[in-house]
Amino acid sequence: MFHQLLNPTGNVGLTLILALIPIVLLLFLLAVVRMTAWLAVIVGSIVTILIAIWAWHLPFGIGMKAYFYGGLTGVWAIDWITFWGVTLYYTLVLTGLFDIFKKWLIQVATADVRVQAILMAWAFGALLEGLVGFGYPWAVIAPILMGLGIADLDALRVTAIANNAPVSYGAMGVPILVLASVTGLPLMKLSGSVGDVVALLALAPPWILIYLVSGKKGFRHGWPLAVVGSLSYILGQWPTAHFLGPYLPDIAGSIVSFVCLLLLLKVWRPKTILGYGGVELSSSTNKTESMATRDVFKAWLPFAVLVIVVLAGTGPWSHLGDISWLKLQVGGISSITHKATAVLFNWTPFAGGTWIFFSWIIVMLLFANKSFKVAGAIFRKTFAQMWGALLVGFFIFGLANVFNFSGMASSLASDISKLGPVFIIFAPVLGWIGVALSGSNTSTNAMFGALQMMVGKLLGFPMLLLPSLNSVGAEVGKPIAPQTASVGVSTTGFTRKEGEVIRHNMGWTLIALGYLIVIGVFYYLVAPGIMKL
(Lines give C-alpha, C1' and ligand atoms only; values in the text may rest on other atoms or scores of the structure.)
Protein backbone atom coordinates (compact mmCIF):
# COMPACT_ATOMS: atom_id res chain seq x y z
CA MET A 1 0.00 0.00 0.00
CA PHE A 2 1.26 3.46 -0.93
CA HIS A 3 2.42 5.61 2.01
CA GLN A 4 2.27 9.37 1.49
CA LEU A 5 5.32 11.49 2.28
CA LEU A 6 4.79 14.68 4.22
CA ASN A 7 8.10 16.38 3.34
CA PRO A 8 9.57 14.39 0.45
CA THR A 9 12.36 16.86 -0.37
CA GLY A 10 13.55 17.29 3.21
CA ASN A 11 13.13 21.04 2.77
CA VAL A 12 9.82 22.58 3.85
CA GLY A 13 10.14 25.55 1.49
CA LEU A 14 10.98 23.42 -1.55
CA THR A 15 8.16 20.99 -0.77
CA LEU A 16 5.73 23.90 -0.51
CA ILE A 17 6.87 25.29 -3.88
CA LEU A 18 6.50 21.91 -5.59
CA ALA A 19 3.02 21.42 -4.11
CA LEU A 20 1.95 24.84 -5.39
CA ILE A 21 3.15 24.27 -8.97
CA PRO A 22 -0.04 22.49 -10.23
CA ILE A 23 -2.26 25.24 -8.82
CA VAL A 24 -0.17 28.16 -10.06
CA LEU A 25 0.33 26.51 -13.46
CA LEU A 26 -3.39 25.91 -13.94
CA LEU A 27 -4.33 29.48 -13.06
CA PHE A 28 -1.49 30.83 -15.24
CA LEU A 29 -2.61 28.81 -18.27
CA LEU A 30 -6.24 29.84 -17.85
CA ALA A 31 -6.01 33.46 -16.76
CA VAL A 32 -2.75 34.66 -18.35
CA VAL A 33 -2.17 32.44 -21.39
CA ARG A 34 -5.95 32.16 -21.86
CA MET A 35 -5.63 28.54 -22.84
CA THR A 36 -8.90 26.68 -23.29
CA ALA A 37 -9.85 24.81 -20.10
CA TRP A 38 -9.78 21.26 -21.47
CA LEU A 39 -6.26 21.71 -22.82
CA ALA A 40 -5.07 23.52 -19.67
CA VAL A 41 -6.20 20.69 -17.41
CA ILE A 42 -4.49 18.11 -19.62
CA VAL A 43 -1.21 20.04 -19.39
CA GLY A 44 -1.80 20.49 -15.65
CA SER A 45 -2.50 16.77 -15.28
CA ILE A 46 0.77 15.78 -16.94
CA VAL A 47 2.78 18.14 -14.74
CA THR A 48 0.95 17.05 -11.57
CA ILE A 49 1.52 13.35 -12.30
CA LEU A 50 5.21 13.89 -13.06
CA ILE A 51 5.75 15.85 -9.83
CA ALA A 52 3.77 13.27 -7.81
CA ILE A 53 5.89 10.42 -9.20
CA TRP A 54 9.24 12.23 -8.99
CA ALA A 55 8.96 14.11 -5.68
CA TRP A 56 6.29 12.24 -3.71
CA HIS A 57 7.30 8.79 -5.05
CA LEU A 58 3.80 7.87 -6.15
CA PRO A 59 4.03 4.54 -8.04
CA PHE A 60 3.03 5.00 -11.69
CA GLY A 61 0.41 2.23 -11.72
CA ILE A 62 -1.25 3.36 -8.50
CA GLY A 63 -1.14 6.96 -9.68
CA MET A 64 -2.85 6.10 -12.96
CA LYS A 65 -5.58 4.24 -11.10
CA ALA A 66 -6.11 7.24 -8.83
CA TYR A 67 -6.27 9.52 -11.87
CA PHE A 68 -8.67 7.26 -13.79
CA TYR A 69 -11.01 6.61 -10.84
CA GLY A 70 -11.03 10.32 -10.08
CA GLY A 71 -11.82 11.09 -13.72
CA LEU A 72 -14.72 8.63 -13.69
CA THR A 73 -16.06 10.39 -10.60
CA GLY A 74 -15.92 13.67 -12.51
CA VAL A 75 -17.84 12.17 -15.40
CA TRP A 76 -20.58 10.72 -13.23
CA ALA A 77 -20.79 13.37 -10.51
CA ILE A 78 -20.49 16.40 -12.81
CA ASP A 79 -20.70 15.60 -16.54
CA TRP A 80 -23.80 13.45 -16.12
CA ILE A 81 -25.52 16.33 -14.33
CA THR A 82 -24.41 19.18 -16.56
CA PHE A 83 -24.99 17.38 -19.86
CA TRP A 84 -28.66 16.76 -19.15
CA GLY A 85 -29.03 20.19 -17.58
CA VAL A 86 -27.75 21.88 -20.73
CA THR A 87 -29.81 19.50 -22.88
CA LEU A 88 -32.89 20.64 -21.01
CA TYR A 89 -31.86 24.26 -21.57
CA TYR A 90 -31.54 23.80 -25.33
CA THR A 91 -34.85 21.97 -25.37
CA LEU A 92 -36.44 25.09 -23.93
CA VAL A 93 -34.61 27.30 -26.44
CA LEU A 94 -35.43 25.28 -29.55
CA THR A 95 -39.09 24.79 -28.60
CA GLY A 96 -39.65 28.48 -27.91
CA LEU A 97 -40.35 27.94 -24.21
CA PHE A 98 -37.30 29.97 -23.22
CA ASP A 99 -38.55 32.99 -25.18
CA ILE A 100 -41.87 32.79 -23.34
CA PHE A 101 -39.98 32.66 -20.03
CA LYS A 102 -37.90 35.73 -20.94
CA LYS A 103 -41.06 37.60 -21.94
CA TRP A 104 -42.57 36.83 -18.54
CA LEU A 105 -39.36 38.01 -16.87
CA ILE A 106 -39.50 41.39 -18.56
CA GLN A 107 -43.15 41.71 -17.59
CA VAL A 108 -42.64 41.06 -13.86
CA ALA A 109 -39.11 42.37 -13.43
CA THR A 110 -39.64 45.62 -15.34
CA ALA A 111 -37.01 46.84 -17.79
CA ASP A 112 -34.76 47.94 -14.93
CA VAL A 113 -31.48 46.05 -15.13
CA ARG A 114 -31.08 46.04 -11.33
CA VAL A 115 -34.38 44.22 -10.86
CA GLN A 116 -33.48 41.74 -13.58
CA ALA A 117 -30.09 40.99 -12.03
CA ILE A 118 -31.41 40.47 -8.50
CA LEU A 119 -34.51 38.54 -9.48
CA MET A 120 -32.86 36.21 -11.96
CA ALA A 121 -29.13 35.98 -11.21
CA TRP A 122 -29.61 36.03 -7.43
CA ALA A 123 -32.97 34.43 -6.62
CA PHE A 124 -33.59 32.17 -9.60
CA GLY A 125 -29.89 31.30 -9.88
CA ALA A 126 -29.90 30.02 -6.28
CA LEU A 127 -32.76 27.65 -7.15
CA LEU A 128 -30.82 26.18 -10.08
CA GLU A 129 -27.70 25.87 -7.92
CA GLY A 130 -29.64 24.10 -5.19
CA LEU A 131 -31.09 21.61 -7.65
CA VAL A 132 -28.28 21.02 -10.12
CA GLY A 133 -25.13 22.98 -9.20
CA PHE A 134 -21.82 22.51 -11.06
CA GLY A 135 -22.05 25.66 -13.19
CA TYR A 136 -25.61 25.09 -14.42
CA PRO A 137 -26.91 28.49 -13.19
CA TRP A 138 -24.31 30.18 -15.37
CA ALA A 139 -25.45 28.23 -18.41
CA VAL A 140 -29.10 29.20 -17.94
CA ILE A 141 -28.99 32.70 -16.40
CA ALA A 142 -26.16 34.28 -18.41
CA PRO A 143 -27.99 33.95 -21.77
CA ILE A 144 -31.07 35.55 -20.22
CA LEU A 145 -29.06 38.54 -19.03
CA MET A 146 -27.31 38.80 -22.39
CA GLY A 147 -30.69 38.82 -24.11
CA LEU A 148 -31.74 41.68 -21.85
CA GLY A 149 -28.82 43.84 -22.94
CA ILE A 150 -25.99 43.11 -20.51
CA ALA A 151 -22.60 42.70 -22.20
CA ASP A 152 -21.61 39.05 -22.57
CA LEU A 153 -18.59 38.98 -20.24
CA ASP A 154 -20.39 41.11 -17.66
CA ALA A 155 -23.45 38.85 -17.80
CA LEU A 156 -21.22 35.88 -17.01
CA ARG A 157 -19.57 37.79 -14.17
CA VAL A 158 -22.91 38.89 -12.71
CA THR A 159 -24.15 35.30 -12.80
CA ALA A 160 -20.92 34.02 -11.25
CA ILE A 161 -20.92 36.52 -8.37
CA ALA A 162 -24.62 35.89 -7.71
CA ASN A 163 -23.83 32.18 -7.57
CA ASN A 164 -21.31 32.63 -4.71
CA ALA A 165 -23.54 32.25 -1.66
CA PRO A 166 -25.59 29.18 -2.71
CA VAL A 167 -22.69 26.92 -3.75
CA SER A 168 -22.11 25.06 -0.45
CA TYR A 169 -25.65 23.72 -0.56
CA GLY A 170 -25.62 23.14 -4.31
CA ALA A 171 -26.89 19.95 -5.95
CA MET A 172 -29.09 19.09 -2.96
CA GLY A 173 -26.35 19.67 -0.38
CA VAL A 174 -23.77 17.26 -1.83
CA PRO A 175 -20.74 19.39 -0.75
CA ILE A 176 -21.87 19.35 2.90
CA LEU A 177 -22.61 15.62 2.78
CA VAL A 178 -19.07 15.01 1.53
CA LEU A 179 -17.61 17.38 4.14
CA ALA A 180 -19.40 15.53 6.95
CA SER A 181 -18.22 12.23 5.53
CA VAL A 182 -14.51 13.12 5.37
CA THR A 183 -14.41 14.96 8.71
CA GLY A 184 -16.69 12.71 10.77
CA LEU A 185 -18.43 15.83 12.11
CA PRO A 186 -22.20 15.67 12.75
CA LEU A 187 -24.07 16.49 9.54
CA MET A 188 -26.65 18.78 11.13
CA LYS A 189 -24.05 20.72 13.12
CA LEU A 190 -21.92 21.17 10.03
CA SER A 191 -24.90 22.23 7.94
CA GLY A 192 -25.75 24.85 10.54
CA SER A 193 -22.20 26.19 10.89
CA VAL A 194 -21.83 26.58 7.12
CA GLY A 195 -25.22 28.29 7.17
CA ASP A 196 -23.93 30.76 9.76
CA VAL A 197 -21.01 31.71 7.52
CA VAL A 198 -23.14 31.84 4.37
CA ALA A 199 -25.70 34.06 6.10
CA LEU A 200 -23.08 36.79 6.57
CA LEU A 201 -21.58 36.22 3.14
CA ALA A 202 -25.03 36.53 1.51
CA LEU A 203 -25.37 40.11 2.73
CA ALA A 204 -22.89 41.35 0.11
CA PRO A 205 -23.60 39.88 -3.37
CA PRO A 206 -26.88 41.74 -4.13
CA TRP A 207 -25.10 45.06 -3.54
CA ILE A 208 -22.25 43.98 -5.81
CA LEU A 209 -24.71 42.91 -8.51
CA ILE A 210 -26.39 46.31 -8.53
CA TYR A 211 -23.00 47.98 -8.87
CA LEU A 212 -21.90 45.66 -11.67
CA VAL A 213 -24.97 46.29 -13.83
CA SER A 214 -25.63 49.97 -13.09
CA GLY A 215 -22.64 51.48 -11.26
CA LYS A 216 -22.85 53.70 -8.17
CA LYS A 217 -25.86 55.41 -9.68
CA GLY A 218 -27.84 52.20 -9.23
CA PHE A 219 -27.71 52.41 -5.44
CA ARG A 220 -29.65 55.66 -5.26
CA HIS A 221 -33.11 54.19 -5.85
CA GLY A 222 -32.20 50.52 -6.09
CA TRP A 223 -31.02 49.82 -2.54
CA PRO A 224 -34.32 48.19 -1.44
CA LEU A 225 -33.62 45.41 -3.95
CA ALA A 226 -30.31 44.61 -2.28
CA VAL A 227 -31.81 44.68 1.21
CA VAL A 228 -34.82 42.51 0.39
CA GLY A 229 -32.83 40.21 -1.88
CA SER A 230 -30.16 39.39 0.70
CA LEU A 231 -32.32 39.24 3.83
CA SER A 232 -35.07 37.17 2.21
CA TYR A 233 -32.56 34.60 0.97
CA ILE A 234 -31.08 34.35 4.47
CA LEU A 235 -34.59 34.06 5.92
CA GLY A 236 -35.16 30.90 3.91
CA GLN A 237 -31.61 29.51 3.91
CA TRP A 238 -30.49 29.90 7.54
CA PRO A 239 -33.29 28.11 9.42
CA THR A 240 -33.40 25.36 6.80
CA ALA A 241 -29.67 24.74 7.18
CA HIS A 242 -30.01 24.54 10.97
CA PHE A 243 -33.20 22.55 11.35
CA LEU A 244 -33.66 20.52 8.15
CA GLY A 245 -30.07 19.87 7.11
CA PRO A 246 -28.07 20.57 3.94
CA TYR A 247 -30.51 19.30 1.31
CA LEU A 248 -32.86 22.25 0.89
CA PRO A 249 -31.30 25.56 2.11
CA ASP A 250 -30.71 26.89 -1.41
CA ILE A 251 -34.16 25.92 -2.58
CA ALA A 252 -35.84 27.43 0.48
CA GLY A 253 -33.69 30.58 0.28
CA SER A 254 -34.34 31.09 -3.42
CA ILE A 255 -38.10 30.58 -3.18
CA VAL A 256 -38.44 32.94 -0.20
CA SER A 257 -36.26 35.49 -1.97
CA PHE A 258 -38.19 35.19 -5.22
CA VAL A 259 -41.54 35.62 -3.47
CA CYS A 260 -40.36 38.56 -1.37
CA LEU A 261 -38.91 40.33 -4.41
CA LEU A 262 -42.12 39.88 -6.39
CA LEU A 263 -44.13 41.22 -3.44
CA LEU A 264 -41.77 44.19 -3.18
CA LEU A 265 -42.32 44.97 -6.87
CA LYS A 266 -46.08 45.01 -6.26
CA VAL A 267 -45.74 47.98 -3.91
CA TRP A 268 -42.46 49.58 -4.99
CA ARG A 269 -40.56 50.21 -8.20
CA PRO A 270 -37.33 52.20 -8.74
CA LYS A 271 -38.17 55.85 -9.43
CA THR A 272 -35.76 55.91 -12.34
CA ILE A 273 -35.54 52.98 -14.72
CA LEU A 274 -31.91 52.11 -15.44
CA GLY A 275 -30.53 50.00 -18.24
CA TYR A 276 -27.18 48.27 -18.36
CA GLY A 277 -24.38 50.64 -17.38
CA GLY A 278 -26.71 52.95 -15.45
CA VAL A 279 -28.25 54.48 -18.58
CA GLU A 280 -31.65 56.01 -17.83
CA LEU A 281 -34.49 54.52 -19.80
CA SER A 282 -37.85 55.97 -20.74
CA SER A 283 -40.77 55.00 -18.50
CA SER A 284 -42.43 53.61 -21.61
CA THR A 285 -39.95 50.71 -21.58
CA ASN A 286 -41.84 49.31 -18.60
CA LYS A 287 -45.05 49.05 -20.54
CA THR A 288 -45.33 45.46 -21.63
CA GLU A 289 -48.29 43.49 -22.79
CA SER A 290 -49.63 41.21 -20.08
CA MET A 291 -49.12 37.53 -20.68
CA ALA A 292 -51.98 35.08 -20.53
CA THR A 293 -52.06 32.88 -17.45
CA ARG A 294 -51.72 29.87 -19.71
CA ASP A 295 -48.44 31.21 -21.14
CA VAL A 296 -47.06 31.98 -17.66
CA PHE A 297 -47.89 28.44 -16.58
CA LYS A 298 -46.24 27.10 -19.73
CA ALA A 299 -43.11 29.19 -19.11
CA TRP A 300 -42.66 27.86 -15.59
CA LEU A 301 -43.78 24.27 -16.17
CA PRO A 302 -40.36 22.88 -17.22
CA PHE A 303 -38.72 24.39 -14.13
CA ALA A 304 -41.53 23.03 -11.94
CA VAL A 305 -40.95 19.59 -13.43
CA LEU A 306 -37.22 19.90 -12.71
CA VAL A 307 -37.85 20.92 -9.09
CA ILE A 308 -40.40 18.18 -8.40
CA VAL A 309 -38.48 15.34 -10.05
CA VAL A 310 -35.06 16.23 -8.60
CA LEU A 311 -36.52 16.78 -5.13
CA ALA A 312 -38.43 13.50 -5.30
CA GLY A 313 -35.38 11.53 -6.32
CA THR A 314 -32.58 13.15 -4.29
CA GLY A 315 -34.30 14.59 -1.22
CA PRO A 316 -33.63 13.26 2.30
CA TRP A 317 -36.67 11.00 1.99
CA SER A 318 -35.17 9.08 -0.95
CA HIS A 319 -32.62 6.32 -0.50
CA LEU A 320 -32.26 5.55 -4.20
CA GLY A 321 -29.03 7.52 -4.27
CA ASP A 322 -27.50 4.97 -1.89
CA ILE A 323 -27.79 2.19 -4.48
CA SER A 324 -24.37 1.33 -5.94
CA TRP A 325 -23.67 -0.84 -8.96
CA LEU A 326 -19.89 -0.55 -9.06
CA LYS A 327 -17.05 0.51 -6.79
CA LEU A 328 -13.44 0.98 -7.88
CA GLN A 329 -10.86 1.94 -5.26
CA VAL A 330 -7.15 2.46 -4.76
CA GLY A 331 -5.85 2.93 -1.24
CA GLY A 332 -2.93 4.41 0.65
CA ILE A 333 -1.83 5.72 4.03
CA SER A 334 -2.18 9.43 4.85
CA SER A 335 0.93 11.34 5.85
CA ILE A 336 -1.16 13.42 8.27
CA THR A 337 -3.40 10.92 10.03
CA HIS A 338 -1.35 7.77 9.29
CA LYS A 339 -4.69 6.14 8.54
CA ALA A 340 -6.10 4.71 5.34
CA THR A 341 -7.03 7.10 2.55
CA ALA A 342 -8.43 6.21 -0.85
CA VAL A 343 -9.62 7.35 -4.24
CA LEU A 344 -13.03 5.79 -4.82
CA PHE A 345 -15.29 5.72 -7.85
CA ASN A 346 -18.77 4.78 -6.70
CA TRP A 347 -21.26 4.34 -9.53
CA THR A 348 -24.64 5.21 -8.06
CA PRO A 349 -27.11 4.98 -10.97
CA PHE A 350 -29.75 7.19 -9.35
CA ALA A 351 -27.47 10.18 -8.79
CA GLY A 352 -28.60 13.76 -9.43
CA GLY A 353 -27.94 13.68 -13.17
CA THR A 354 -30.28 10.75 -13.65
CA TRP A 355 -33.17 12.74 -12.21
CA ILE A 356 -32.40 15.68 -14.48
CA PHE A 357 -32.48 13.19 -17.36
CA PHE A 358 -35.92 12.02 -16.17
CA SER A 359 -37.00 15.67 -16.00
CA TRP A 360 -35.92 16.15 -19.61
CA ILE A 361 -37.89 13.07 -20.67
CA ILE A 362 -41.03 14.47 -19.04
CA VAL A 363 -40.57 17.88 -20.67
CA MET A 364 -40.15 16.14 -24.02
CA LEU A 365 -43.38 14.23 -23.47
CA LEU A 366 -45.27 17.35 -22.43
CA PHE A 367 -44.17 19.21 -25.55
CA ALA A 368 -43.88 16.20 -27.86
CA ASN A 369 -45.27 17.90 -30.94
CA LYS A 370 -42.24 20.13 -31.16
CA SER A 371 -39.58 18.50 -29.04
CA PHE A 372 -39.30 15.20 -30.88
CA LYS A 373 -38.97 17.00 -34.19
CA VAL A 374 -36.01 18.98 -32.92
CA ALA A 375 -34.44 16.21 -30.78
CA GLY A 376 -31.54 15.83 -33.21
CA ALA A 377 -30.89 19.57 -33.19
CA ILE A 378 -31.01 19.60 -29.38
CA PHE A 379 -28.30 16.95 -29.05
CA ARG A 380 -26.14 18.45 -31.81
CA LYS A 381 -26.28 21.84 -30.11
CA THR A 382 -25.58 20.35 -26.69
CA PHE A 383 -22.57 18.33 -27.85
CA ALA A 384 -21.19 21.25 -29.87
CA GLN A 385 -21.27 23.45 -26.77
CA MET A 386 -20.44 20.85 -24.13
CA TRP A 387 -17.67 18.61 -25.45
CA GLY A 388 -14.94 20.79 -23.95
CA ALA A 389 -16.69 20.97 -20.58
CA LEU A 390 -17.20 17.19 -20.58
CA LEU A 391 -13.46 16.68 -21.09
CA VAL A 392 -12.70 19.13 -18.27
CA GLY A 393 -14.97 17.15 -15.93
CA PHE A 394 -12.82 14.05 -16.40
CA PHE A 395 -9.34 15.60 -16.46
CA ILE A 396 -9.80 18.10 -13.62
CA PHE A 397 -11.06 15.43 -11.23
CA GLY A 398 -8.23 13.13 -12.26
CA LEU A 399 -5.74 15.93 -11.56
CA ALA A 400 -7.32 16.80 -8.21
CA ASN A 401 -7.33 13.19 -7.04
CA VAL A 402 -3.67 12.65 -7.91
CA PHE A 403 -2.84 15.93 -6.15
CA ASN A 404 -4.70 14.72 -3.08
CA PHE A 405 -3.82 11.01 -3.11
CA SER A 406 -0.10 11.50 -3.77
CA GLY A 407 0.22 13.54 -0.57
CA MET A 408 0.79 16.91 -2.28
CA ALA A 409 -2.39 18.33 -0.73
CA SER A 410 -1.37 17.09 2.73
CA SER A 411 2.08 18.62 2.40
CA LEU A 412 0.62 21.95 1.30
CA ALA A 413 -1.87 22.09 4.17
CA SER A 414 0.72 20.93 6.71
CA ASP A 415 3.20 23.61 5.69
CA ILE A 416 0.58 26.37 5.77
CA SER A 417 -0.68 25.23 9.19
CA LYS A 418 2.70 26.08 10.69
CA LEU A 419 1.52 29.68 10.61
CA GLY A 420 -0.32 29.05 13.89
CA PRO A 421 -3.45 31.09 14.75
CA VAL A 422 -2.79 33.27 11.68
CA PHE A 423 -4.03 30.23 9.75
CA ILE A 424 -7.55 31.60 10.26
CA ILE A 425 -6.74 33.96 7.40
CA PHE A 426 -5.57 31.16 5.13
CA ALA A 427 -8.32 28.61 5.81
CA PRO A 428 -10.72 30.23 3.31
CA VAL A 429 -7.80 30.68 0.90
CA LEU A 430 -7.20 26.92 0.99
CA GLY A 431 -10.83 26.35 0.00
CA TRP A 432 -10.44 28.98 -2.73
CA ILE A 433 -7.31 27.21 -4.02
CA GLY A 434 -9.05 23.84 -3.90
CA VAL A 435 -11.95 24.93 -6.08
CA ALA A 436 -9.62 26.74 -8.47
CA LEU A 437 -7.79 23.43 -8.85
CA SER A 438 -10.71 20.99 -8.89
CA GLY A 439 -13.61 23.15 -10.10
CA SER A 440 -15.91 21.66 -7.49
CA ASN A 441 -16.91 22.59 -3.94
CA THR A 442 -17.60 18.90 -3.38
CA SER A 443 -14.11 17.93 -4.51
CA THR A 444 -12.55 20.74 -2.45
CA ASN A 445 -14.26 19.50 0.69
CA ALA A 446 -13.08 15.99 -0.10
CA MET A 447 -9.51 17.23 -0.61
CA PHE A 448 -9.09 19.64 2.29
CA GLY A 449 -12.03 19.14 4.68
CA ALA A 450 -10.35 16.60 6.97
CA LEU A 451 -7.08 18.55 6.91
CA GLN A 452 -8.86 21.74 7.94
CA MET A 453 -10.44 19.90 10.84
CA MET A 454 -7.10 18.42 11.94
CA VAL A 455 -5.32 21.77 11.71
CA GLY A 456 -8.12 23.37 13.70
CA LYS A 457 -7.83 20.72 16.37
CA LEU A 458 -4.05 21.16 16.62
CA LEU A 459 -4.38 24.93 16.89
CA GLY A 460 -7.31 24.85 19.34
CA PHE A 461 -9.85 26.39 16.96
CA PRO A 462 -13.58 25.72 17.33
CA MET A 463 -14.08 22.37 15.58
CA LEU A 464 -16.64 23.53 13.03
CA LEU A 465 -14.92 26.75 12.01
CA LEU A 466 -12.18 25.71 9.59
CA PRO A 467 -14.18 23.02 7.72
CA SER A 468 -16.98 25.57 7.29
CA LEU A 469 -14.56 28.20 5.99
CA ASN A 470 -13.12 25.61 3.62
CA SER A 471 -16.53 25.01 2.06
CA VAL A 472 -17.46 28.68 1.83
CA GLY A 473 -13.95 29.52 0.58
CA ALA A 474 -14.70 27.19 -2.29
CA GLU A 475 -17.92 29.14 -2.87
CA VAL A 476 -16.16 32.44 -3.45
CA GLY A 477 -13.60 30.74 -5.71
CA LYS A 478 -16.25 29.33 -8.02
CA PRO A 479 -16.11 32.28 -10.48
CA ILE A 480 -12.55 31.26 -11.39
CA ALA A 481 -13.04 27.48 -11.25
CA PRO A 482 -12.17 25.97 -14.67
CA GLN A 483 -14.78 23.22 -14.58
CA THR A 484 -17.56 25.62 -13.55
CA ALA A 485 -16.51 28.16 -16.16
CA SER A 486 -16.36 25.45 -18.82
CA VAL A 487 -19.95 24.42 -18.12
CA GLY A 488 -21.09 28.00 -17.56
CA VAL A 489 -19.94 29.30 -20.94
CA SER A 490 -21.38 26.31 -22.82
CA THR A 491 -24.53 28.26 -23.76
CA THR A 492 -22.70 31.49 -24.66
CA GLY A 493 -20.26 32.77 -27.24
CA PHE A 494 -17.34 32.08 -24.90
CA THR A 495 -17.30 28.32 -25.35
CA ARG A 496 -13.71 27.12 -24.88
CA LYS A 497 -12.65 30.67 -23.99
CA GLU A 498 -12.88 30.10 -20.24
CA GLY A 499 -9.61 31.93 -19.59
CA GLU A 500 -11.18 35.26 -20.60
CA VAL A 501 -14.08 34.68 -18.24
CA ILE A 502 -11.84 33.64 -15.35
CA ARG A 503 -9.66 36.70 -15.79
CA HIS A 504 -12.71 38.96 -15.93
CA ASN A 505 -14.03 37.43 -12.69
CA MET A 506 -10.75 37.43 -10.76
CA GLY A 507 -10.91 40.88 -9.14
CA TRP A 508 -14.36 40.52 -7.61
CA THR A 509 -13.55 36.98 -6.51
CA LEU A 510 -10.59 38.30 -4.51
CA ILE A 511 -12.81 40.98 -2.96
CA ALA A 512 -15.32 38.30 -1.92
CA LEU A 513 -12.45 36.22 -0.51
CA GLY A 514 -11.28 39.19 1.55
CA TYR A 515 -14.79 39.64 2.93
CA LEU A 516 -14.94 35.95 3.84
CA ILE A 517 -11.62 36.22 5.68
CA VAL A 518 -13.15 39.03 7.76
CA ILE A 519 -16.13 36.78 8.52
CA GLY A 520 -13.79 33.97 9.59
CA VAL A 521 -11.83 36.27 11.90
CA PHE A 522 -15.12 37.51 13.36
CA TYR A 523 -16.26 34.00 14.28
CA TYR A 524 -12.80 33.13 15.66
CA LEU A 525 -12.33 36.24 17.81
CA VAL A 526 -15.85 37.48 18.57
CA ALA A 527 -18.25 34.53 18.36
CA PRO A 528 -16.25 31.29 18.64
CA GLY A 529 -19.02 29.59 20.62
CA ILE A 530 -21.21 29.43 17.52
CA MET A 531 -18.64 27.20 15.84
CA LYS A 532 -18.18 24.75 18.70
CA LEU A 533 -19.71 21.27 18.75
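Scan segment 329-343 and tell me whether some residue there is under 30 Å from Phe2 (Cα atoms), among the basic types (Lys, Arg) and at pLDDT 85 or above.
For segment 329-343, residues under 30 Å from Phe2 (Cα atoms), among the basic types (Lys, Arg) and at pLDDT 85 or above: absent.
From Thr82, Thr91, grab the single residue that is within 21 Å of Val296 (Cβ to Cβ), of a type in the set (Ser, Thr, Tyr) and either more than 23 Å from the chain's Cα centre (by Cα) or surrounded by 20 or more Cβ atoms within 10 Å (Cβ to Cβ) (or both).
Thr91
Consider Gly520 carefully, then state whether it is in contact with a helix residue (DSSP H, G or I) (Cβ under 9 Å, 6 or more places away or on another chain), farther than 17 Å from Pro175 by Cβ, at pLDDT 95 or above and buried (at least 21 other Cβ atoms within 10 Å of the Cβ).
Criteria met by Gly520.
I'm checking my understanding of the structure. Among residues of segment 344-371 that are modelled with pLDDT of 80 or more and among the hydroxyl-bearing types (Ser, Thr, Tyr), which one is surrounded by the most Cβ atoms within 10 Å (Cβ to Cβ)?
That would be Ser359.
So, in segment 319-375, how many residues would count as being among the polar types (S, T, N, Q), closer than 25 Å to Val174 by Cα and in contact with a Ser or Thr (Cβ under 6 Å, 6 or more places away or on another chain)?
Number satisfying all stated conditions: 5.
If I ask for residues that are under 19 Å from Ile336 (Cβ atoms), not in a loop (DSSP other than H, G, I, E, B) and not small (Gly, Ala, Ser), which ones from segment 170-189 would you list?
Passing the criteria: Val178, Leu179, Val182, Thr183.
Can you pull out the residues in segment 290-336 that are free of Cβ contacts under 8 Å to residues at least 40 places away in the same chain, surrounded by fewer than 18 Cβ atoms within 10 Å (Cβ to Cβ) and out of contact with any strand residue (DSSP E or B) (no Cβ under 9 Å at 6 or more places or on another chain)?
Selection gives Ala292, Thr293, Arg294, Phe297, Ala304, Ile308, Trp317, Ser318, His319, Leu320, Asp322, Ile323.
Give Thr87, Thr110, Thr95 a once-over and let me know the one that is among the hydroxyl-bearing types (Ser, Thr, Tyr) and on the phi > 0 side of the Ramachandran plot.
Result of the check over Thr87, Thr110, Thr95: Thr110.
Would you confirm whether or not segment 1-20 contains a residue that is touching a residue at least 40 places away in the same chain (Cβ under 8 Å), surrounded by 21 or more Cβ atoms within 10 Å (Cβ to Cβ), part of a helix (DSSP H, G or I) and in contact with a Pro (Cβ under 7 Å, 6 or more places away or on another chain)?
Within segment 1-20, one or more residues are touching a residue at least 40 places away in the same chain (Cβ under 8 Å), surrounded by 21 or more Cβ atoms within 10 Å (Cβ to Cβ), part of a helix (DSSP H, G or I) and in contact with a Pro (Cβ under 7 Å, 6 or more places away or on another chain).
Which number in (1) modelled with pLDDT of 80 or more; (2) on the phi > 0 side of the Ramachandran plot marks the one condition that Gly439 misses?
The number of the failed condition is (1).
Quick check on my filter: what residues within segment 375-426 are crowded, with 24+ Cβ neighbours inside 10 Å and on the phi > 0 side of the Ramachandran plot?
Passing the criteria: only Gly407.
Check Gly236, Gly229 and return the single one that is in contact (Cβ under 8 Å) with a residue 60 or more places away in the chain and either at negative phi or surrounded by fewer than 18 Cβ atoms within 10 Å (Cβ to Cβ) (or both).
Gly229
Taking helices (runs of 4 or more DSSP H) that fall entirely within segment 200-319, which contain at least 2 residues that are farther than 25 Å from Phe357 by Cβ and in contact with a Lys or Arg (Cβ under 8 Å, 6 or more places away or on another chain)?
Passing ranges, in order: 205-214, 219-243.
Is one or more of the residues making up segment 64-71 modelled with pLDDT under 80 and either of a type in the set (A, V, I, L, M, F, W, C) or crowded, with 24+ Cβ neighbours inside 10 Å (or both)?
The answer is no; no qualifying residue exists.
The values are calculated or read from the model by the stated rules, or taken from the named source; none is laboratory data. Note that this is a predicted model, so its numbers are computed, not measured. Virtual Cβ from ideal backbone geometry, glycine too; neighbours counted across all protein chains shown.
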